[in-house]
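Structure record follows, encoded as structure tokens.
Each value in this text was obtained by applying a stated rule to the coordinates, not by laboratory testing. What you see is a predicted model, and the numbers here were worked out from it, not measured in a lab. Virtual Cβ from ideal backbone geometry, glycine too; neighbours counted across all protein chains shown.
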Amino acid sequence: MAVSLEIKGVTTVSENIEKVCKEMLDASKKALWQCGGHLGNAAVNLAPVLTGDLRASMQVSDPEEEEGKITVTVSFSTPYAIRMHEAYYKLGPISSKAPGYEGEPVGRKYLERPLMKYAEKYKDILKTFIEGSIK
């Protein structure tokens, strides 16, 4: 006695899964780029200022995907950016008068502080973008 089984639609299901995964990936890239832009803006406003070169050197990379990970890099490219981020120093008169950003003062850890402050917000943005991609 022989039994045969024919399954129809496997190709369609597989194609739909691939489509949803691509849409989720694209949504994740857009969300991370948006979060990077927000973080960069916050960091620029928290960075100390004398000539404006440090603030002007901020960059947000396009999303990059490698081995299943998506990254967006927010960076400052002056030779002294790391020192100004990590070192303890007294703010100069221009930085002392700068308004900061959403209650945070200008000064050291200008990139790390907003990343920590807005981490939950960034998670929510990512979640919203991904959920929107699968509806």
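Looking at I130 and the list (1) surrounded by 13 or more Cβ atoms within 10 Å (Cβ to Cβ); (2) within 25 Å of L50 (Cβ to Cβ); (3) of a type in the set (A, V, I, L, M, F, W, C), which single condition is not satisfied?
Evaluating I130 over (1) surrounded by 13 or more Cβ atoms within 10 Å (Cβ to Cβ); (2) within 25 Å of L50 (Cβ to Cβ); (3) of a type in the set (A, V, I, L, M, F, W, C) leaves (2) as the failure.
Quick one: in the range 22-67, of everything that is touching a Gly at 6+ places or on another chain (Cβ under 9 Å) and in a helix (DSSP H, G or I), which residue is nearest to R108 (Cα to Cα)? Can you show your working first?
First, the residues of the range 22-67 that are touching a Gly at 6+ places or on another chain (Cβ under 9 Å): 27, 45-50, 58-61, 63.
Next, from what is left, pick out any that are in a helix (DSSP H, G or I): 27, 45-46.
On the way: A27: 33, N45: 12, L46: 8 Å.
For the range 22-67, the residue satisfying everything is L46.
I need a count of the residues in the range 79-107 that are under 18 Å from A42 (Cβ atoms) and in contact (Cβ under 8 Å) with a residue 40 or more places away in the chain.
Adding up the residues that qualify gives 11.
For P99, only one of the following conditions fails: (1) loosely packed, with under 12 Cβ neighbours inside 10 Å; (2) under 20 Å from the mean Cα position of the chain (by Cα); (3) part of a loop (DSSP other than H, G, I, E, B). What is its number?
(2)
Out of all the residues in the range 68-78, which are in contact (Cβ under 8 Å) with a residue 12 or more places away in the chain and out of contact with any strand residue (DSSP E or B) (no Cβ under 9 Å at 6 or more places or on another chain)?
Answer for the range 68-78, where residues must be in contact (Cβ under 8 Å) with a residue 12 or more places away in the chain and out of contact with any strand residue (DSSP E or B) (no Cβ under 9 Å at 6 or more places or on another chain): just T78.
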